Ligand SMILES: Nc1ncnc2c1ncn2[C@@H]1O[C@H](COP(=O)(O)OP(=O)(O)OP(=O)(O)O)[C@@H](O)[C@H]1O
Ligand SMILES: [Mg+2]
């Protein structure tokens, strides 16, 4: 099912949690909503679910305006971060719950509910645990039951709000892979919320980067990582270094020196952004960024050095080969392989 969010604004007591958000989700896509705390991810998910209604704008399911439809009518499956399973129900009864509470004309027979529920438990690899109660499961197992429960109603859209947020790093990683496999088999249109960039980049077909109630960028993991379209996205996804610069005649300058880089914006002050590891070291000082090493440390397979660059107040970081003999106060010159210049704020 295609989902289209069109010009949505959401206020809570005049506080705008979302401003003018538009987003098109294609049928069968796995979409991640990624952003810092308070950026509006849960609010957007709840609006798609029908748990909130927009102050302005609309939500479409296919061609149909879903804005005035209830959660049940939209037929969405939802997994919340802290939404506990029903404690007094066994695992299998939890999974079948959404079917059991349907009105009698659409409710499957008891046996059919049981059959479907155990099929789903098998699918989420929890066969054998049907009769357990939620308290007798691990956190990861509980979230898998929650996912099976969300899928039991054959939802048109599956919405997951930080489904693995409360679990430890190792279990999260396993469940991440597993969710991708499940998605590839079921092809449910799925929107999941996370503030973990690794999770979003590894799992999603497309990533929606949010900040302060707005969408900053939508793109494939490669697009948002390789071509961030704002300083926010540069800083939020992956690592970034920045350097205040000036644009003159379409090239980038620091102080009185041209860096030999072509600028992609009009003349004036700007801020140069690049990835610390995406640089090439060069000889001499012509047409490159020259700095003095003020700190150097080994980080995994590379060496991370902090440089003071003449004409810049901030130190900047670059990543170089671990065996580079960078010592304090030695000089290093480099050129970023990819960069963007944005307005200076
Ligand atoms: N029911 C509500 N009443 C008032 N303000 C709300 C309500 N729900 C959310 N907000 C506010 O809207 C903004 C966005 O909240 P939201 O829960 O969507 O953020 P989030 O991106 O999911 O954050 P987190 O990563 O912490 O879960 C926040 O400033 C929050 O305080
Ligand atoms: Mg949230």
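Between residue 317 and residue 282, the distance separating the two model label sites (each 7 Å from Cα on the Cα→Cβ line) works out to 2.4 nm.
Contact order for the chain, expressed relative to its length and based on alpha carbon pairs under 8 Å spaced 6+ residues apart, stands at 16 percent. Put simply, when 168-174, 179-185, 242-248 are sorted by average Cβ atoms within 10 angstrom per residue, most first, you get 242-248, 179-185, 168-174.
Note on residue 227 and residue 337: the extension gain reaches 38.3 nm, defined as 0.36 nm multiplied by sequence separation minus the Cα-Cα distance.
The stretch between residue 168 and residue 127 holds 12.4 nm of extra length on full extension. This uses 0.36 nm per residue minus the Cα-Cα distance. Placing a label point 7 Å from the Cα of residue 345 along the Cα-to-Cβ direction, the residues of the range 202-222 whose backbone N falls under 12 Å from that point are 211-212. Here the relative contact order of the range 139-255, from alpha carbon pairs under 8 Å that lie six or more residues apart, stands at 16 percent. Peptides 230-241, 119-130 ordered by packing proxy, namely the average of other Cβ atoms within 10 Å per residue, highest first: 230-241, 119-130. The long axis of helix 169-186 is offset from the longest Cα principal axis of the chain by roughly 60 degrees. If the segment from residue 308 to residue 81 were pulled out straight at 0.36 nm per residue, it would be longer than the present Cα-Cα gap by 77.4 nm. For residue 239 and residue 110, a Förster radius of 51 Å and the Cβ-Cβ distance give a FRET efficiency of 0.40, rounded to the nearest 0.05. Largest first, the extents of the alpha carbon coordinates of the chain on the three principal axes equal 79, 45, 33 Å.
Once the Cα atoms are used to define both axes, helix 139-152 deviates from the longest principal axis of the chain by about 60 degrees. Ellipticity at 222 nm from helices only: DSSP H runs of n ≥ 4 in the chain, each -39500 (n - 2.57), divided by the residue count, give -7500 deg cm²/dmol. With a Förster radius of 45 Å applied to the beta-carbon distance between residue 88 and residue 11, the computed FRET efficiency rounds to 0.75.
Once the Cα atoms are used to define both axes, helix 91-100 deviates from the longest principal axis of the chain by about 80 degrees.
With both labels modelled 7 Å from their Cα along Cα-to-Cβ, the residue 136 to residue 177 distance reads 2.9 nm.
The numbers here are math on the coordinates, done by the rules we state, and not lab data. Because the structure is a prediction, the values reported are computed rather than measured. Cβ atoms come from the backbone with ideal geometry, glycine included; neighbour counts cover every protein chain shown.
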